[in-house]
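A short worksheet on the structure shown next.
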Amino acid sequence: MEIENAVDYTYMGRSFKDLSINDASTAFSDCNSDRSDLDSCSIDEQKQAAVELRLLAKNKPENRIEIAKAGAIRPLISLISSSDPCLQENGVTAILNLSLCDENKELIASSGAIRPLVRALKTGTATAKENAACALLRLSQIEENKVAIGRSGAIPLLVNLLENGGFRGKKDASTALYSLCTVKENKIRAVEAGIMRPLVELMADFGSNMVDKSSFVMSVLVPIPEAKTALVEEGGIPVLVEIIEVGSQRQKEIAVAILLQVCEDSVLFRAMVAREGAIPPLIALSQSGTNRAKKKAETLIELLRQPRSGNAAARRSDESV
């Protein structure tokens, strides 16, 4: 492999421009220890090693592969559990950067990264929490990891980040939740963790730049009955109707798809949607929306215009609400 110099980075006054692919393991040798026992170094040496590996892995796929081959993943995972906030943050960020390489994702998960990342999501700095959410997203792209991540307690913490984090934290949390909630048991966990309230609030705030992301998360949740009920209880119907009125074409398309799922089996919910004045904007959408939005708007209009009594199955559904 041709040796390339890494991008010129500066951290805390130190330049890393001379580090190359073959230097991937120097952070360990600097500690005069074996790569597998990085935790035997001093805190300062650990920080230096984590920073160097983090920066090496930042932009170059070749570096990410070489760092993993050098045996860095397990020592970095051990740093994520550190009580030192800076050390934990650098460990999380290094693991995130390594996870950007598809070849590393399975190794990172099998090396035990999920639970330490979840702890960082709970106890870390704002940056550590955001990067832990991103790392969990990357690991969730392997299907079998989704259940493990959900069972590790990540979902309520991601919901909390979605509700209380900064803009980047909200984005990271929503993207991770979207991926994780393709699994049914994670959908239930998310609803039980109160996800509908922040989703509805973000969808209602057009200035948040989170309408699209929060809508997509809601779209993967509403197939389960618990999510439909929670959406209605949190005031989601008027918000969705407003999006159909004034949202972008993409926002209108996803809003009508969500409302259609909410209304399919519930006469009560249909009546609530109709009372919000949904039919006029739905008619407009059926004439000027995307092809998918037009079809769903037409189907929803037909549902809303059905007699109030509905069928027996729908009445039974309403009685359980």
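Can you give the net charge of the other residues whose Cβ lies under 11 Å from the Cβ of Gly289, counting K and R as +1 and D and E as -1? Walk me through the numbers on the way to the answer.
Details: positive: Arg250, Lys252, Arg292, Lys294, Lys295, Lys296; negative: Glu253, Glu298.
So the surrounding residues net to +4.
Residue by residue, what Karplus-based ³J(HN,Hα) values in Hz, rounded to whole numbers, does region 78-84 have, using 6.51, -1.76 and 1.60 with θ = phi - 60° and x for Gly and Pro?
Couplings: 5, 6, 5, 8, 5, 7, 7 Hz.
With a sphere of radius 12 Å drawn around the Cβ of Met196, what net charge do the other residues whose Cβ falls strictly inside it have (Lys, Arg +1; Asp, Glu -1)?
Numbers: positive: Lys187, Arg197, Lys228; negative: Glu163, Glu192, Glu201, Glu226, Glu233, Glu234.
In short, -3.
Can you give the three extents of the C-alpha atoms in region 96-196 along their principal axes, from longest to shortest, in whole Å?
Between the extreme Cα coordinates on each principal axis of region 96-196 lie 34, 29, 19 Å.
Using only Cα atoms, locate the centre of region 213-288 and the centre of region 113-159, then give the distance between them in Å, rounded to an integer.
What the calculation gives is 30 Å, centre to centre.
Could you report the accessible area of Ser82 in Å², rounded to 10, computed with a 1.4 Å probe on the protein chains as they sit in the structure?
Result for Ser82: roughly 30 Å² accessible.
Whenever you get a sec, line up Phe269, Phe216 from highest to lowest accessible area (probe 1.4 Å, protein heavy atoms).
On the way: Phe269 10, Phe216 70 Å².
Largest accessible area first, the list is Phe216, Phe269.
The values are calculated or read from the model by the stated rules, or taken from the named source; none is laboratory data. What you are looking at is a predicted structure, and each value in this text was computed from that prediction instead of being measured. Note that we place each Cβ from the backbone using ideal geometry, even for glycine, and neighbour counts take in every protein chain shown. Just so you know, the surface numbers come from the protein's heavy atoms only, side chains and all, with ligands and any DNA or RNA stripped out. Shrake-Rupley method; radii C 1.70, N 1.55, O 1.52, S 1.80 Å.
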